[in-house]
Amino acid sequence: MALTDRTVLLTGASGGIGSALCDALVAAGARVVAIGRDDARLNAIVARHPSGRVAPLVADLATDAGRAHLVAVAGTLQRPPSLLVLAHAQSAFGLFEDQSPEALRALIDTNLTAPMLLIHALLPMLKRHEQAAVVAVGSTFGSLAFPGFAAYSATKFGLRGLMEGLAREHADSGLRFQYLSPRATRTAFNTPQVDAMNREMKVAQDEPADVAAQLVAAIASGRSRLQLGWPEKLFARLNGALPGLVDRNLKSQLSIVRRHARA
């Protein structure tokens, strides 16, 4: 997929990966509608790019009103969008028993319900193009559920299933669906507790710009699935084929996870 002059709807644009992804898409020649909840951050992104390359859109996509606003704006664009990149997400590190029902509902609304309903609403618009794509920025935890991230992993597993099912449902069309998974990335998405746990467990973290470059390359090449990083790529595959091995490995690290989750 050539990205030059293609209109991209990018959710989560005010986040760490989202902001870097916006920069990488513009560098590839795309015009980006940068969607997020932080007006100041969105305007900062707009300011560092040539006029007309990035348009900010403030919307809370976990709400019906926010999604409706995005769909309405997309329908008025001079160049109709042919690429939807779902890069928004809500973090949720903590032991499952310590998380409130309200927090769990909010997590599902943001990470799974919002992408599902947004894709559903935008499908007619995307299907008008000879070539179009929906890209979900997933997570290693969408292939490998991790202690301390049980609820978060559930939403990412669901998102991966949604994208895989839609890819198969539209396999004979020009509309493709891609699930691309970064590993731990050095952004404010991680709480201090997560950063401390990653340091103790010697978890590698990527820079947002490096992640964004790999994601844009995967979008352009049309890869349906991508897991970034090693050994994360190996562990994701092992979890599908030999989950017992991963069970034993993670069991040995439970005390570290619990200590940081309850910090």
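Look at the range 120-145: where a residue is in contact (Cβ under 8 Å) with a residue 60 or more places away in the chain and a partner is of a type in the set (K, R) and assigned to a loop (DSSP other than H, G, I, E, B), sitting 6+ places away or on another chain with Cβ atoms under 7 Å, you get T140/R183. Within the range 94-108, residues that are closer than 25 Å to R259 by Cβ and touching a residue at least 24 places away in the same chain (Cβ under 8 Å) reach partners that are assigned to a helix (DSSP H, G or I) and open to solvent by 50 Å² or more (accessible area, probe 1.4 Å) with beta carbons closer than 6 Å, at six or more positions or on different chains, in the pairs F96/A150. Looking across the range 163-191, the residues that are open to solvent by less than 40 Å² (accessible area, probe 1.4 Å) and closer than 21 Å to V211 by Cα come down to M163, F177, Q178, Y179, L180, S181, P182, A184, T185, T187, N190. Please give the number of the condition P182 fails out of (1) in contact with a strand residue (DSSP E or B) (Cβ under 9 Å, 6 or more places away or on another chain); (2) without any contact (Cβ under 8 Å) to a residue 24 or more places away in the chain. Status for P182: all satisfied but (2).
Taken together, V58, V71, V26, V33 contain a single residue that is farther than 25 Å from E207 by Cα and open to solvent by less than 50 Å² (accessible area, probe 1.4 Å), which is V71. Considering A154, A167, A212, A236, the condition of being within 21 Å of the chain's Cα centre (by Cα), at pLDDT 95 or above and within 22 Å of A92 (Cβ to Cβ) is satisfied by A154 alone.
Of everything listed in (1) open to solvent by 40 Å² or more (accessible area, probe 1.4 Å); (2) in contact (Cβ under 8 Å) with a residue 12 or more places away in the chain; (3) β-branched (V, I, T), the single unmet condition for V8 is (1).
The values are calculated or read from the model by the stated rules, or taken from the named source; none is laboratory data. All of these numbers come straight from a predicted model, not from anything done at the bench. Here Cβ is always computed from backbone atoms with ideal geometry, including for glycine, and neighbour counts include all displayed protein chains. Side chains are part of the model used for accessible areas, which takes the heavy atoms of the whole protein and leaves out ligands, DNA and RNA. Shrake-Rupley method; radii C 1.70, N 1.55, O 1.52, S 1.80 Å.
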